[in-house]
Amino acid sequence: MIKHCFLAAAAVLLLVVASPARSSAQQVPSAVTSDPAPDKAHPPTTAVPDIPSHGARLFAVILLAAGEGPHPTVLLMHGFPGNEQNMDLAQSIRRAGWNVVAPHYRGSWGSGGNFSFGNSIEDTQAVLQFVREPENLKKYSIDPKKIVIIGHSMGGFMAAYAGSHDPGVAAVGLISAWNIGATATRTPKMSADPEFREDASRLAGTTPEELDDEAHKNASQWNFVDYAPMLKDRPVLVLESDDGLTADDKAMADALRKAGDSRVTEQHIATDHVYSGQRIALQAAVVDWLETLR
């Protein structure tokens, strides 16, 4: 998982004024702090399907919300390599009445195939296709008109890419999103960074050098700020933290507003890349935003 956007971007944080995670007057949503009343007819459940993607099996967990469906559904995409799975966030989203689909990209966390950034783009699209298949809409009680993609770190890039290239995605949430193309443009050799190398070592079928080369070859196509015009007609959540990625994330929010998107929600939470000290604030921000989409 990219916790810092390398030294070149770290200095930009000095220009950012961090706002408090939540003011004392704001109420934390009940879905974050307490379980809903039991629904004996339609209790919450969990499914663990294998999602096919280009000849490989993606391991996934689907948290199914309580109550009679169909339910709005969140695709929750993890980062690079996905040390933080955000399952506490997934549970809060489910308690708020949403299904949550949490997949693993090829070559990560037991999924088949080889990891690459390009494969992860394809995998995200494969998950979208899976949840829209008629039998799965029925099986998992999914509302096809209310499918939202939320991604953390590299998953934020995947959410921005998939959402911008798929007008059927209802909304996109970016949590400390890693702008792969912009980072590659600024950083001649990402694979020289010890953290990048350590993260890559947890992924199958690739090397730090191969991922570095792939990012640089595709840098001009993988700058998510360029996707803003394709997202301008949909709600977008942009959450930032003190991790060196803030400048790119703010640039995305600004580009969306400049493109005419009047439904951009931007918030800075003063904590690290995985929101270690502000997990409740993270969950509250996401659940509050999802509530506006109903």
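The values are calculated or read from the model by the stated rules, or taken from the named source; none is laboratory data. Quick caveat, the model's predicted, so the values are computed rather than measured. Backbone-built Cβ (ideal geometry, glycine too); neighbour counts: all protein chains shown.
The residues on offer are H54, H4, and the sole one that is modelled with pLDDT of 95 or more and either out of contact with any Ser or Thr (no Cβ under 6 Å at 6 or more places or on another chain) or of a type in the set (D, E, K, R) (or both) is H54. Checking A247, A284, A270, A251 one by one, the residue that is small (G, A, S), in contact with a helix residue (DSSP H, G or I) (Cβ under 6 Å, 6 or more places away or on another chain) and within 28 Å of R94 (Cβ to Cβ) is A284 and no other. For D226, indicate whether it is of a type in the set (D, E, K, R) and either in contact with a Cys (Cβ under 8 Å, 6 or more places away or on another chain) or within 24 Å of A192 (Cα to Cα) (or both). When the stated conditions are applied, D226 does not pass them.
Listed here are the residues, each with its yes/no results for (1) in contact (Cβ under 8 Å) with a residue 60 or more places away in the chain; (2) surrounded by fewer than 17 Cβ atoms within 10 Å (Cβ to Cβ); (3) farther than 29 Å from G168 by Cβ; (4) within 16 Å of the chain's Cα centre (by Cα).
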position: E198; (1), (2), (3), (4): no, yes, yes, no
position: G205; (1), (2), (3), (4): yes, yes, yes, no
position: E209; (1), (2), (3), (4): no, yes, yes, no
position: F224; (1), (2), (3), (4): yes, no, no, yes
position: M230; (1), (2), (3), (4): yes, yes, no, no
position: L239; (1), (2), (3), (4): yes, no, no, yes
position: G244; (1), (2), (3), (4): yes, no, yes, no
position: A247; (1), (2), (3), (4): yes, no, yes, no
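Whether a residue is over 23 Å from H78 (Cβ atoms) and touching a residue at least 24 places away in the same chain (Cβ under 8 Å) was assessed, and D261 passes this test. The residues in the range 102-123 that are under 14 Å from F59 (Cα atoms) and not in a helix (DSSP H, G or I) can be counted, and the count is 14. Is it the case that A126 is part of a helix (DSSP H, G or I) and in contact with a Ser or Thr (Cβ under 9 Å, 6 or more places away or on another chain)? So A126 fits the description; yes. Here V32 fits the description: modelled with pLDDT of 95 or more and buried (at least 16 other Cβ atoms within 10 Å of the Cβ).
Among all residues of the range 138-154, there is at least one that is part of a helix (DSSP H, G or I), more than 21 Å from V48 (Cβ to Cβ) and either of a type in the set (F, W, Y) or modelled with pLDDT of 95 or more (or both). Is there a residue in the range 252-259 that is under 15 Å from the mean Cα position of the chain (by Cα) and closer than 18 Å to I180 by Cβ? The answer is yes, given that some residue of the range 252-259 is under 15 Å from the mean Cα position of the chain (by Cα) and closer than 18 Å to I180 by Cβ.
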